[in-house]
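The values are calculated or read from the model by the stated rules, or taken from the named source; none is laboratory data. If you're wondering where the values come from, they're calculated on a predicted model, not measured in any experiment. Counting neighbours? That spans all protein chains shown, and the Cβs are built from the backbone with ideal geometry, glycine included. For the accessible areas, the whole protein counts, side chains as well, though only heavy atoms, and no ligand, DNA or RNA atoms are used. Shrake-Rupley method; radii C 1.70, N 1.55, O 1.52, S 1.80 Å.
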Amino acid sequence: MFWLTIRSGFTFQTKKMDGTKVMGLRNVSSICSLSEMDDHDLSRLLDKPRLNIERQRSFDERSLSELPVILTRGSYDNYEGMHSPCGRSGIDTPASWDRNSFDPHPIVAEAWEALRRTLVYFRGQPVGTIAAYDHASEEVLNYDQVFVRDFVPSALAFLMNGEPEIVKNFLLKTLQLQGWEKKVDRFKLGEGAMPASFKVLHDPVRKLDTIIADFGESAIGRVAPVDSGFWWIILLRAYTKSTGDLSLAERPECQKGMRLILTLCLAEGFDTFPTLLCADGCSMIDRRMDVYGYPIEIQALFYMALRCALSMLKQDAEGKDCIERIEKRLHALSYHMRSYFWLDFQQLNDIYRYKTEEYSHTAVNKFNVIPDSIPDWIFDFMPTRGGYFIGNVSPARMDFRWFCLGNCIAILSSLATPEQSVAIMDLIEARWDELVGEMPLKIAYPAIEKHEWRIVTGCDPKNTRWSYHNGGSWPVLLWLLTAACIKTGRPQIARQAIDLAETRLLKDGWPEYYDGKLGRFIGKQARKYQTWSIAGYLVAKMMLEDPSHLGMIALEEDKQRKPMIKRSSSWNC
């Protein structure tokens, strides 16, 4: 296969701000990972000020974002400062195209035009992008609103294009909405909850703009979004890293906003796990899909948000307590996830041989998982070399399904160890047809079918097999895959996926999702001109062409929590 044949060599070229070309490629070992970057003296290459949050610990994720050009298998060289030095060169053309050797694909200009049509203004200032711009759809529902999670790829696209103001406006406006009193059927939500979405209403007669926010009281299923607050923190760090502007994160209202979000998640209770207990429908999987408990998507976002907040919170009287609680939770959470959510060939074989009804601290089968509950499909799906974080772990139950977003965020946040990150990439390559197919990228695998579908989804007609969240293919996930590929030194995987997407996305009208085992059919209820499908493609494209953008969204391995875990069995083959 093409993406396998070029792994040993990759040529990349970029330019400095002064226009001089810099070759950023070295021929390196195919197993070089981010953890080996300590061997390179990168600090002397920096010519821009570093992010300096007033804290007593080192800003250790900084060095990842100070590297510009990705090399084979994760080795970096000549990275440009902590923020991406791109100003716009044209009204619809990202400046990054003028600084590298790539020619823009013909659909890129169309994508930017489509993205700009989705902009939402409040009192003359852009504050976000609507979820979809589908004039052909008879039912608007809430697709004309600005969703927090949906806006993230749009925000990254604007940041990469040197347009940070819209992102700043969005962060501040949603922060104001967080302060609203939130009630659902007379029940008051936690003070730190962020809205799922908001809508701007324009009164042309009174010349007045007003905002209506949805905290879950209008959502299908009436489920509040757990992930909105996490995405907000992650985006705040992305803005800070991209612009070098510390003042926004240091504002008292932003500091308070972070603390309120984390207070909801770090509250002590009866749970014996460091993971976060969540309901079905609380994340991108916004319908009943049997992810109740401890879904991988939320745990990975939780981990990433904790680390992002740790780098931005001040060491003042109010921040110190929060920082201490974050440190403790991160230590327990990383151990728990890496130990119990990780699955590779050796771990699957161990679970297959589990004994049950074990008591005391010496128990090996700590969650009392019955081996007979292991689904048949996993034995054929699991390659000898590779692995991933499974969907859920709770008493007497393991959800072995693959969820794309959670695994990509695990790589970007360094929740996954360097070995685990590479193993995830190995799995994607080994199971390309199942996870990528003809349109990137499967949100979950495999689909739930027949009687199990009736029980699990409640006979949800939108979540039939290989459709929507039940095994559908979502183009927005392309940006997450691309970022993960760059971080692990496997850009050829991302390029192959982008090439696939470019054959159909514009022609099909930028659908929300695709149906079928291979993602061959436009989703039966998919909106056209779905904003995050457009933005996800643009972010993937710009990130692959200028890997310095990775720094705004990725975190390096936390040396303080470097795991003492056995090497993945996928490396012993």
*What is the spin-label model distance, in nm, from Val184 to Ser373 if the labels are put 7 Å beyond Cα along the C-beta direction?*
2.6 nm
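Can you pull the percent of region 484-560's accessible area that's carbon plus sulfur, 1.4 Å probe, other chains left in place? Walk me through the intermediate numbers first.
Details: 990 of 1940 Å².
Using a 1.4 Å probe with all protein chains present, region 484-560 comes out at 51 percent carbon and sulfur.
In percent, how large is the relative contact order of region 453-548, given Cα pairs closer than 8 Å and 6 or more residues apart?
Details: 129 pairs, mean separation 32.2, N = 96.
Once normalised by length, the contact order is 34 percent.
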*Return the carbon/sulfur percentage of the accessible area of region 171-243, one whole number, probe 1.4 Å, all protein chains in place.*
53 percent
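May I ask which of Lys442/Lys524; Lys168/Lys188; Lys183/Lys314; Lys183/Lys207 have a Cα-Cα span longer than 19 Å here? Please list the in-between numbers first.
Numbers: Lys442/Lys524 16 Å; Lys168/Lys188 28 Å; Lys183/Lys314 31 Å; Lys183/Lys207 29 Å.
Distance filter (> 19 Å) returns Lys168/Lys188; Lys183/Lys314; Lys183/Lys207.
Could you check how much of the accessible area of region 387-444 is carbon and sulfur, as a whole percent, using a 1.4 Å probe? Don't skip to the end; give the middle numbers.
Values: 420 of 890 Å².
Carbon and sulfur: 48 percent of the exposed surface of region 387-444.
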*Based on alpha-carbon positions alone, could you give the equivalent ellipsoid semi-axes of region 401-458 from the gyration tensor, as √(5λ), descending, whole Å?*
25, 14, 9
*Could you give the nm distance between label points at Ser247 and Asp433, where each point is 7 Å from its Cα heading toward the beta carbon?*
5.7 nm
_I'd like the Karplus ³J(HN,Hα) series for region 491-505: coefficients 6.51, -1.76, 1.60, θ = phi - 60°, whole numbers in Hz, and an x wherever there's a Gly or Pro._
x, 5, 5, 5, 4, 4, 5, 5, 4, 5, 5, 5, 6, 9, 3
*Is region 480-547 rounded, prolate or oblate when judged by the Cα gyration tensor, a ≥ b ≥ c being the square roots of its eigenvalues, rounded requiring a/c under 1.5 and prolate requiring a/b larger than b/c?*
prolate
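Leaving out ligands and nucleic acids, note down the accessible area per residue over region 438-524 with a 1.4 angstrom probe, in whole Å².
Per residue, region 438-524 has an accessible area of 31 Å².
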_Using amide H atoms built in the peptide plane, which far-off residues or other-chain residues are under 5 Å from Phe521 H to H?_
Asp515
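What are the GluC sites (Glu not before Pro) within region 255-349 that DSSP puts in a loop, where the Cβ has at most 14 other Cβ atoms within 10 Å?
Working: sites: Glu268, Glu297, Glu318, Glu324, Glu327; in loops: Glu268.
Here the GluC sites (Glu not before Pro) that fit, given the DSSP loop and packing criteria, are Glu268.
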*Highest to lowest packing among 241-251, 140-150, scored as the average C-beta count within 10 Å*: 140-150, 241-251
*Between Ser360 and Leu208, how many nm apart are label points set 7 Å from Cα along the C-beta direction?*
7.2 nm
*On a C-alpha basis, how far is the centre of region 501-521 from the centre of region 350-421 in Å? Whole number, if you could?*
31 Å
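Diagonalise the Cα gyration tensor of region 223-326 and give the resulting equivalent ellipsoid semi-axes, square root of 5 times each eigenvalue, largest first, whole Å. Present the calculation step by step, with values, prior to reporting the outcome.
Working: eigenvalues 131, 54, 20 Å².
Each semi-axis is the square root of five times an eigenvalue, giving 26, 16, 10 Å.
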*Measuring with a 1.4 Å probe in the full set of protein chains, what accessible area per residue, in whole Å², belongs to region 237-328?*
37 Å²
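Could you work out the relative contact order of region 199-295? I mean the mean sequence separation of Cα pairs under 8 Å and 6+ apart, divided by the number of residues, in percent.
Numbers: 74 pairs, mean separation 21.5, N = 97.
Relative contact order, region 199-295: 22 percent.
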